[in-house]
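A short write-up of the structure that comes next.
The values are calculated or read from the model by the stated rules, or taken from the named source; none is laboratory data. Being a predicted model, the structure only gives us computed values, none of them experimental. Here the Cβ positions follow ideal geometry from the backbone for every residue, glycine too, while neighbour counts run over all protein chains shown. Side chains included, ligands, DNA and RNA excluded: accessible areas come from the protein's heavy atoms. Shrake-Rupley method; radii C 1.70, N 1.55, O 1.52, S 1.80 Å.
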Protein chains: 2
Amino acid sequence: MNTGEDKILLSHGNGGRMMNNLIENLFIKYFENKILNEQTDAAIFPVSSPEMAFTTDSFVIDPLFFPGGNIGKLAVCGTVNDLAVSGADPLCISVAFIIEEGFSMKELESIVRSLAEEASKAQVIVVTGDTKVVNKGKCDKLFINTAGIGTVRKKNRLVSKARNIHPDDLILINGTIGDHGIAVMSARESFNFKTPVVSDCSSLNHLIRQVLDQSPKVKFMRDPTRGGVATVLNELARKTGLGIEIDESALPVNKGVTAMCELLGFDPLYIANEGKVLIVTDPAEGDHILEIMKKNELGRQSAIIGRVSGDHPGKVVLKTGTGGKRIIDLLTGDPLPRIC
Amino acid sequence: MNTGEDKILLSHGNGGRMMNNLIENLFIKYFENKILNEQTDAAIFPVSSPEMAFTTDSFVIDPLFFPGGNIGKLAVCGTVNDLAVSGADPLCISVAFIIEEGFSMKELESIVRSLAEEASKAQVIVVTGDTKVVNKGKCDKLFINTAGIGTVRKKNRLVSKARNIHPDDLILINGTIGDHGIAVMSARESFNFKTPVVSDCSSLNHLIRQVLDQSPKVKFMRDPTRGGVATVLNELARKTGLGIEIDESALPVNKGVTAMCELLGFDPLYIANEGKVLIVTDPAEGDHILEIMKKNELGRQSAIIGRVSGDHPGKVVLKTGTGGKRIIDLLTGDPLPRIC
């Protein structure tokens with residue numbers, strides 16, 4: 001890269017010559033595609049479906065680099081997954097940077113490269129973007145916003161299907177919980193563990209497409225990011241007015257995550273994931289979906305973790321290993337800010 | 001509003017109970033519409049055109065409130081205008097907040113209210129959003145990102161029309177230049193002028209629609225925000241390989257802007273606007289477009305400010321009031337950071 005500077009300056013955000021350099025020598029270099037190359041105020045793209053999905057997320061994660069990824073990769077995964085769990089096929093994304101004056105150009109390039117690589121993996125293209133630079137001390141290094149657009153196939157319109165959730169429907173997840181939040185916290189606090197926890201940060205659209213193509217009985221999907229599995233299940237319980245029962249012994253949790261949670265008094269059910277999807281399905285379809293997910297490398301440790309229940313309406317209940325029951329409520333404080 | 005707190009807390013961004021309160025008692029209250037109310041990870045909306053436009057902008061303006069608007073209003077206008085100048089009809093927007101812990105809930109409500117009012121005026125709906133809260137000192141009060149989607153009518157596909165720009169084509173603007181940048185700077189520095197400059201911050205989609213509907217000869221439109229009129233014209237000169245000649249005496253500039261610029265050594269050509277559009281058109285159509293724009297309240301002071309030229313290719317030249325010529329180059333430094 002040759003942007004002529006090794007640090008970000010205020011003038012990289014002024015709309016003039018320096019910003020043009022940055023756009024052409026960094027963003028266009030990595031994100032290049034026919035639509036973006038037009039460099040117009042808005043990207044124009046063809047549409048082939050009668051309905052589209054639209055989502056946005058800002059990423060303020062601290063630190064920017066963590067085991068298993070960085071803010072660039074995360075900014076793609078987060079938005080791709082929000083589209084995918086809505087039953088949409090991600091098509092294109094926007095990328096907007098807010099950068100602190102003095103930020104390292106080398107780190108920016110590394111983040112942009114990861115973002116481009118993950119976009120390519122997820123098969124979405126970056127079609128439009130924005131760069132703002134704020135004075136030193138006015139933001140913490142770098143924030144990214146991505147918005148994403150996806151096409152919706154009529155039969156995958158999950159919004160309305162959630163209304164068909166009934167007692168005995170099964171709840172599945174595609175693997176271990178809490179990895180992302182714990183990986184970020186470890187990186188932040190520089191804990192020195194023998195087996196470091198690696199973030200699960202991944203784009204799930206291909207896995208989810210496989211499930212939707214082969215199983216028409218999916219009623220609900222959601223990625224348990226901030227607030228973790230507990231938060232998504234609470235929202236689901238509240239929305240449906242039904243109860244949710246989770247079986248603690250069925251929950252996949254990595255040893256490193258269990259160890260860290262015990263040490264720090266956290267519950268992995270509340271810890272953020274960035275490569276997980278919770279699926280609610282008809283009971284007859286549980287094993288089939290499990291089989292589909294296990295064939296995908298992002299679903300090797302998939303499990304049926306619980307069920308919808310007619311009891312304790314609106315509440316999430318954990319059946320503990322010792323046979324007891326514990327109510328899993330919505331998060332109130334914020335034990336782990338800025339994990340995404 | 002009753003979110004239970006008068007300041008933003010970290011837990012307003014944790015995905016849990018407090019964030020739900022904020023979403024339901026503030027965002028849904030002001031932005032309410034059928035699509036947003038679903039509160040899914042991605043908004044699903046119907047599509048009726050074969051092509052769509054997509055754009056994004058982050059807003060980091062300082063101060064948040066300025067004469068003529070605030071960051072909420074600006075976040076709508078900026079994105080609506082990027083869609084409109086691309087020949088698209090703005091349809092829906094996303095809104096993502098990054099908020100500093102401790103930010104006033106009352107100011108947030110005031111910003112959200114302005115945002116909703118401007119969206120209603122521009123006839124776009126907020127269909128999806130995101131809220132992140134960062135620790136005190138990790139961002140400067142509040143940043144907003146909006147992304148926007150618009151429908152493109154085939155005959156208004158301006159991207160390809162820019163290739164038809166020829167010498168003698170006319171350049172028009174819908175009013176005075178530099179108002180936004182100077183208004184923001186005055187608010188920031190607390191200058192105490194008798195006639196305060198008011199930002200031109202406005203959504204231009206209705207004005208632009210009137211022009212496009214009544215005049216098929218528009219070849220190019222762009223909103224001169226960061227870097228001002230000078231920057232847009234330089235990009236145009238570079239892109240077309242043609243020259244641009246601007247007539248200083250034809251440039252509409254408010255007295256207050258002229259006075260401030262003289263005092264501080266700024267050139268209004270480089271100062272940001274947030275309610276202006278530059279239009280390039282066939283020479284035969286100039287007066288007609290002028291007439292259409294002048295009928296709209298956002299175009300009362302419209303003017304033909306210059307022309308495309310076969311001379312000095314790739315350069316923008318200002319014909320001064322005294323008969324001289326001066327090259328207007330791309331901005332290099334950043335005299336006015338954070339004006340949007």
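Considering the conditions (1) touching a Gly at 6+ places or on another chain (Cβ under 9 Å); (2) closer than 16 Å to residue A:252 by Cα; (3) within 14 Å of chain B (Cβ to nearest Cβ), residue A:293 is excluded by exactly one of them, (3). Of the residues that sit in the range A:306-340 and are of a type in the set (Lys, Arg) and more than 26 Å from residue A:287 (Cα to Cα), which one is most open to solvent (accessible area, probe 1.4 Å)? Only one residue fits best here, namely A:326. Taken over the range B:221-263, residues that are open to solvent by 20 Å² or more (accessible area, probe 1.4 Å), hydrophobic (A, V, I, L, M, F, W, C) and in contact (Cβ under 8 Å) with a residue 40 or more places away in the chain amount to 5. Taking first residues from the range A:289-318 that are without any contact (Cβ under 8 Å) to a residue 40 or more places away in the chain and partners that are open to solvent by 30 Å² or more (accessible area, probe 1.4 Å), the Cβ contacts under 8 Å between residues at least 6 apart in sequence or on separate chains come to A:294/A:300. Across the range B:302-332, the qualifying residues are those that are within 21 Å of the chain's Cα centre (by Cα) and either small (Gly, Ala, Ser) or not in a loop (DSSP other than H, G, I, E, B) (or both), and the one among them that is nearest to residue B:269 (Cα to Cα) is B:305.
A search for C-beta distances below 8 Å between a residue of the range B:272-285 that is open to solvent by 10 Å² or more (accessible area, probe 1.4 Å) and any residue that is basic (Lys, Arg), counting only pairs 6+ apart in sequence or on different chains, returns B:282/B:217; B:282/B:219; B:283/B:307; B:284/B:217; B:285/B:217.
Residue check: residue A:299 meets all listed conditions (1) open to solvent by 20 Å² or more (accessible area, probe 1.4 Å); (2) within 21 Å of the chain's Cα centre (by Cα) but one, namely (1). Residue B:64 passes every criterion in (1) more than 30 Å from residue A:155 (Cβ to Cβ); (2) in contact with a helix residue (DSSP H, G or I) (Cβ under 6 Å, 6 or more places away or on another chain); (3) aliphatic (A, V, I, L, M); (4) modelled with pLDDT under 95 apart from (4).
Let's see how each residue does on (1) farther than 25 Å from residue B:142 by Cα; (2) open to solvent by 10 Å² or more (accessible area, probe 1.4 Å):
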{"position": "A:72", "(1), (2)": "no, no"}
{"position": "A:101", "(1), (2)": "no, yes"}
{"position": "A:108", "(1), (2)": "no, no"}
{"position": "A:129", "(1), (2)": "no, yes"}
{"position": "A:147", "(1), (2)": "no, no"}
{"position": "A:150", "(1), (2)": "yes, no"}
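Pairing each residue of the range B:135-154 that is under 13 Å from residue B:10 (Cα atoms) and within 8 Å of another protein chain (Cβ to nearest Cβ) with any residue that is surrounded by fewer than 24 Cβ atoms within 10 Å (Cβ to Cβ) and at pLDDT below 95, provided the two are 6+ apart or on different chains, yields C-beta distances under 9 Å for B:135/A:337; B:135/A:338; B:135/B:10; B:138/A:338.
Taken over the range B:7-25, the criterion of being without any contact (Cβ under 8 Å) to a residue 60 or more places away in the chain, within 11 Å of another protein chain (Cβ to nearest Cβ) and open to solvent by 50 Å² or more (accessible area, probe 1.4 Å) is satisfied by B:17, B:21. Of the residues B:199, B:186, B:249, the single one that is over 25 Å from residue A:10 (Cα atoms), polar (S, T, N, Q) and not in a strand (DSSP E or B) is B:249. Applying the criterion of being open to solvent by 30 Å² or more (accessible area, probe 1.4 Å) and not in a loop (DSSP other than H, G, I, E, B) to the residues of the range B:28-65, the residue that is farthest from the other protein chains (Cβ to nearest Cβ) is B:29. The residue of the range B:252-275 that is farthest from the chain's Cα centre (by Cα), among those that are among the aliphatic types (A, V, I, L, M) and assigned to a helix (DSSP H, G or I), is B:263. Kindly check whether there is at least one residue in the range B:106-125 that is in contact with a helix residue (DSSP H, G or I) (Cβ under 6 Å, 6 or more places away or on another chain) and within 11 Å of another protein chain (Cβ to nearest Cβ). No; the residues of the range B:106-125 include none that is in contact with a helix residue (DSSP H, G or I) (Cβ under 6 Å, 6 or more places away or on another chain) and within 11 Å of another protein chain (Cβ to nearest Cβ). Among residues of the range B:54-71 that are in the same structural domain as residue B:95 (by TED's automatic domain parsing) and farther than 20 Å from residue B:190 by Cβ, those with a Cβ under 7 angstrom from a residue that is of a type in the set (Gly, Ala, Ser) and open to solvent by 10 Å² or more (accessible area, probe 1.4 Å), sequence gap 6+ or separate chain, pair up as B:56/A:129.
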